[in-house]
Amino acid sequence: MKLVIQRVQRAAVRIDEQEVGAIQTGFLILVGAEAGDNQATVQHLAQKVAKLRVFEDEAGKMNLNIKQVDGAVLSVSQFTLLADLQHGNRPSFKQAGAPAEANHNYQCFNAALADQGLPVATGEFGADMQVELVNDGPATFLMDYQEPNA
């Protein structure tokens, strides 16, 4: 699973010009679910997101997590994060999970974030979405994790 985490002042997602999810302070997370992702992957990343200390404290240092600033998450599925651009000029998406599996892992990731005590708004898996945000900083972070083979 690959995540692009953007610290935002506000973010919203629209489908057919209708707002389906919006937040104020928090994270806009673009989520790419890979083939082979599992519950351990989902749980690990949700815990990391909840504990990520990238909000400024009173001294202006990145020292607070999303809960400490009463933030929320806008989670948007984005399989294009998994594009392989190494060969030719057309991206390959062979690393992306099969749609049913990817949707399941995306939904589980959102539920795991909620289990961490975070308010979670979402887009719609597989939909054509328009995302609008005000990146705070700007501060953008890449996070990925694959469960090691046992």
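Treating only the Cβ atoms of Lys and Arg (+1) and Asp and Glu (-1) as charged, compute the dipole magnitude of the chain about its Cα centre; round to the nearest 20 debye.
Computed about the Cα centre, the dipole is about 360 debye.
Short version: ³J(HN,Hα) in whole Hz for each residue of the range 58-69, in order, from phi by Karplus 6.51 cos²θ - 1.76 cosθ + 1.60 (θ = phi - 60°), x for Gly and Pro, what are they?
5, 8, x, 9, 6, 9, 10, 8, 4, 5, 5, 10
For the range 30-42, just list the computed ³J(HN,Hα) in residue order, Karplus coefficients 6.51, -1.76 and 1.60, θ = phi - 60°, integers in Hz, with x standing in for Gly and Pro.
After applying 6.51 cos²θ - 1.76 cosθ + 1.60, I find 8, 10, x, 8, 9, 4, x, 4, 8, 4, 5, 4, 4 Hz.
Below 8 Å, C-alpha to C-alpha, sequence gap of six or more: please give me the relative contact order for the range 9-150 in percent.
Numbers: 251 pairs, mean separation 51.0, N = 142.
Reported relative contact order: 36 percent.
Excluding ligands, DNA and RNA, what is the solvent-accessible area per residue of the chain at a probe of 1.4 Å, expressed in Å²? Please list the in-between numbers first.
Working: 8460 Å² over 150 residues.
Ligands and nucleic acids excluded, the figure is 56 Å² per residue.
Running a GNM on the chain with Cα contacts under 10 Å, which residue among Leu85, Leu74, Leu118 ends up with the highest mean-square fluctuation?
Greatest mean-square fluctuation among the candidates belongs to Leu85.
Only bridges whose two residues both fall in the range 1-79 count here: according to DSSP, what percent of them are antiparallel, nearest 5?
So the antiparallel bridges in the range 1-79 amount to around 70 percent.
Measure off, as a whole percent, the carbon and sulfur share of the 1.4 Å-probe accessible area of the chain, all protein chains present.
The C+S portion of the solvent-accessible surface of the chain is 46 percent.
The values are calculated or read from the model by the stated rules, or taken from the named source; none is laboratory data. All values derive from a computational prediction rather than experimental measurement. Note that we place each Cβ from the backbone using ideal geometry, even for glycine, and neighbour counts take in every protein chain shown. Side chains are part of the model used for accessible areas, which takes the heavy atoms of the whole protein and leaves out ligands, DNA and RNA. Shrake-Rupley method; radii C 1.70, N 1.55, O 1.52, S 1.80 Å.
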